[in-house]
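Student: Take a look at this one; I'll ask things after.
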């Protein structure tokens, strides 16, 4: 049986406005707030200035609230 977990590798990205560049190949990144794994094909939220990925708008909101403190 083929095990997909064996091929899991964290990607290294450079976040740009409206796209990201892949520096090191991989299939996922980690959310900067929750630590949840985000598959690259599902990555929709990131911060260019902080160079961070976020799992969902909920984590984006949490990060923004913490930055305002």
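The values are calculated or read from the model by the stated rules, or taken from the named source; none is laboratory data. No experiment lies behind these values; they were computed from the predicted model shown. FYI the Cβ positions are ideal-geometry reconstructions off the backbone, even for glycines, and counts take in every protein chain you see.
Student: For the range 4-13, what are the residues that are surrounded by 15 or more Cβ atoms within 10 Å (Cβ to Cβ) and assigned to a strand (DSSP E or B)?
Tutor: Correct list: 13 only.
Student: Please go through the range 14-26 and give me each residue that is surrounded by fewer than 15 Cβ atoms within 10 Å (Cβ to Cβ) and not in a strand (DSSP E or B), ordered by number.
Tutor: Hits for the range 14-26 are 17, 18, 25.
Student: When you look at residue 34, is it surrounded by 12 or more Cβ atoms within 10 Å (Cβ to Cβ), part of a loop (DSSP other than H, G, I, E, B) and modelled with pLDDT of 95 or more, yes or no?
Tutor: yes
Student: Further question: How do the pairs read when you match residues in the range 10-21 that are without any contact (Cβ under 8 Å) to a residue 12 or more places away in the chain and on the phi < 0 side of the Ramachandran plot with residues anywhere that are assigned to a strand (DSSP E or B) and surrounded by 10 or more Cβ atoms within 10 Å (Cβ to Cβ), using Cβ under 9 Å and keeping only pairs 6 or more apart or on different chains?
Tutor: 21/13; 21/14; 21/15
Student: Of everything in the range 44-69, what is assigned to a strand (DSSP E or B) and either without any contact (Cβ under 8 Å) to a residue 24 or more places away in the chain or exposed (fewer than 14 other Cβ atoms within 10 Å of the Cβ) (or both)? Give them in sequence order.
Tutor: Residues satisfying the conditions are 45, 54.
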